[in-house]
Amino acid sequence: MNTVLSRANSLFAFSLSVMAALTFGCFITTAFKDRRVPVDVHVAKVMLKNIDDFTGPRERSDLGFITFDLSADILWSPIFDWNVKQLFLYLSAEYATKSNSLNQVVLWDKIVLRGENTKLNLKDMKSKYFFFDDGNGLRLEKHTVGLIFLQQKKSTFNSGTLVFAFPCSFFFGFL
């Protein structure tokens, strides 16, 4: 004859198996979705200044200024589903220097909540954060700029990338 503890153990094991199957079903509904969104990124104006770096050993470092255009329509994209409540968008620049093989700088970011206007049509936007290099590595290097969408536990990289280079001369004057 079964005791109360063995019956409780059977009931617990069965309910745990049902919950595992439901969890797997929730996972499978969004696991294989193609989450790419068409993004257009254009760099309109690029300037480079060589300024004093007061954080280190009093050397001069490069400071880049970028004006960009960005357009993307996220509302009808497959990024938002039943499990996504917000997105973290950021425009990132990647480049290589002699001292570092990969440098990444965030230029602009935005948090988009579900239900907000998610049509991005930004013209002549200045970078929100400084494009600062710890030396003189910005000049004449190839830079890749791309918009990245971050979701909870998933990141989606999009095809909206652009390669540009800073000019070989520095900008002198006020911005």
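The values are calculated or read from the model by the stated rules, or taken from the named source; none is laboratory data. Remember, predicted model here, so these are calculated numbers, not experimental data. Because the Cβ atoms are built from the backbone with ideal geometry, glycine has one as well, and the counts that use them run over all protein chains shown.
Give the residues of the range 1-29 that are hydrophobic (A, V, I, L, M, F, W, C) and more than 30 Å from residue 82 (Cβ to Cβ), sorted by residue number. Break it down stepwise before answering.
Narrowing the range 1-29 to residues hydrophobic (A, V, I, L, M, F, W, C): 1, 4-5, 8, 11-14, 16, 18-22, 24, 26-28.
Answer for the range 1-29, where residues must be hydrophobic (A, V, I, L, M, F, W, C) and more than 30 Å from residue 82 (Cβ to Cβ): 1, 4, 5, 8.
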Some residue of the range 21-36 being assigned to a helix (DSSP H, G or I), over 32 Å from the mean Cα position of the chain (by Cα) and either more than 30 Å from residue 71 (Cα to Cα) or modelled with pLDDT of 90 or more (or both): yes
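Would you mention how many residues in the range 85-99 are part of a loop (DSSP other than H, G, I, E, B) and surrounded by fewer than 16 Cβ atoms within 10 Å (Cβ to Cβ)?
4
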Test: residue in the range 3-17 that is out of contact with any strand residue (DSSP E or B) (no Cβ under 8 Å at 6 or more places or on another chain), in the same structural domain as residue 117 (by TED's automatic domain parsing) and in a loop (DSSP other than H, G, I, E, B): no
Hey, residue 52 touching a Pro at 6+ places or on another chain (Cβ under 8 Å), exposed (fewer than 12 other Cβ atoms within 10 Å of the Cβ) and more than 18 Å from residue 91 (Cβ to Cβ) or not: no
Filter result for residue 65 (modelled with pLDDT of 75 or more and assigned to a strand (DSSP E or B)): yes
Close pairs (6 angstrom Cβ cut-off, 6 or more residues apart or separate chains): modelled with pLDDT under 85 in the range 109-123, among the acidic types (Asp, Glu) anywhere: 119/73
Residues being in a strand (DSSP E or B) and not small (Gly, Ala, Ser) - total across the range 37-62: 15
